[in-house]
Every structure is written in C-alpha cells, then in structure tokens.
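What follows draws every value from the coordinates through simple rules; no lab data is involved. This structure is a prediction, so every number in the text was calculated from the model and none was measured. Positions of Cβ are backbone-derived with ideal geometry, glycine not excepted, and every protein chain shown enters the neighbour counts.
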Amino acid sequence: MDDIFQKTGIAGVYLINRPVYPDDRGFFHETFRKNELEEIIGEKFDIVQQNHSRSVKNTLRGIHVAPWSKLIYVPRGKVQQVVVDLRKDSPDFGKWISVTLGEENKSALFVPPGCGNAFLVLSEECDYTYLVTDYWAPGKELSVIWNDSDLKIDWQVQDPVLSEKDQQNPTLKDFKNS
C-alpha cells in the first residue's frame, strides 16, 4: 500500500495513486477502497455525503476548513489543489501543500478535519467531487482568505474568479485568534 498512499508535507494528508487499467475501450480505475484508507489513517471513514461541483477556468474555491474528513477526486479537468494546516494545536499550523489533481493523473487526496481545502481550476472546466464524514450545514465550515500574506501560497493565477463569500474570508491571524 505504500506505493498507493503517499504522505505529504502535512500530517494526515495523503495523496492517493491507485492503479489505472486502460484498454481499447477506455480504462477502469478504482478510486476508493474504504478498508485501505481506514488502515492508513487509523480511524473509520464513514461517508455520509458526496459533493460534486463544476467550475470554469481560473475559478478558485476556498480556503475552507471543516470538522470532517474529505476524500477529493477530480474525474474531469485539472486543478491546483491546496491544503493548509489550520488545526490550531498542530506544529504545522499555517503550512500548506499544493498538488495537481485531475483526469491526467487520476490521483485522489485525503484531507483530515481541521485542514483548509482550496482548489484553482486550470482546465477550461472541471468536475470536482469529494466524499465527507459529516453533513454540511450552515456555520460548520470556516474560512481563510485565499491570498493571505502570511501563507504566501503560490497560486498558478494572479486574478482568480472568486465567490463574494471567498473574497471576504478572514486572514490567518484572525482565524487563529477566533
């Protein structure tokens, strides 16, 4: 399993590269195996909701932090996926990683509770899906501004398309002091 689950620079965040089996008809790809994920993360991954968004090029969604685990997969298109450690008691608080997810590499990403999640669409359009371990409800998710000067995230675009909400997110300092 060590060749499937790769540790990242943030504790508990794993890049998952499962085998792809192409043939003349297309391909077969197993994107998720609960038992293997649970063995790697050391706890249950009980899915209660699956989410799917479609976004156009240069859309940036996030940085959103939630009290649930996520398993992210991009079946169509390509994104710059960023995860920020926003667990206030973590020695890696404020550290971030960036990986490419999409139909070219067919990788998935596991994000534990308390880590901020964001993605930037690099293709003309993308479908972004994720499994979660708790139900979404207003007020459960918190946020940090995408271009926080303390984080210095190296985004692959300077002027992204943002929701009004994501334009108003607090800074990392304000988040930490809340």
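Table for the structure above
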item	result
Within region 1-25, backbone nitrogen closer than 13 Å to the virtual label 7 Å beyond the Cα of residue 41 toward Cβ	12-16
DSSP-loop chymotrypsin sites (Phe, Trp or Tyr not before Pro) across region 116-164, with at most 11 other Cβ within 10 angstrom	135
Value of relative contact order over the chain, rounded to a whole percent, pairs C-alpha under 8 Å and six or more apart	28 percent
Loop trypsin sites (Lys or Arg not before Pro), region 1-79, which have at most 16 other Cβ atoms in a 10 Å radius of their Cβ (DSSP)	25, 33, 44, 57
Cα→Cβ-extended label distance, 7 Å offset, between residue 154 and residue 105, nm	1.4 nm
Formal net charge of residues neighbouring residue 166 (Cβ-Cβ distance under 14 Å; K, R +1; D, E -1)	-2
Separation between Cα centres of region 45-59 and region 126-148, rounded to whole Å	9 Å
Entry for log10 I(q)/I(0) by the Debye sum over Cα atoms at q = 0.09, 0.12, 0.13, 0.14 Å⁻¹ (calculated from the structure that is shown) out of (i) -0.41, -0.62, -0.69, -0.77; (ii) -0.35, -0.61, -0.71, -0.82; (iii) -0.30, -0.54, -0.64, -0.75	(iii)
Potential lengthening between residue 163 and residue 49 on full extension [0.36 nm per residue; Cα-Cα distance subtracted]	38.8 nm
Derived scalar couplings ³J(HN,Hα) [region 82-92; Karplus, 6.51 cos²θ - 1.76 cosθ + 1.60; whole Hz; x for Gly, Pro]	10, 10, 10, 6, 10, 7, 4, 9, 7, x, 9
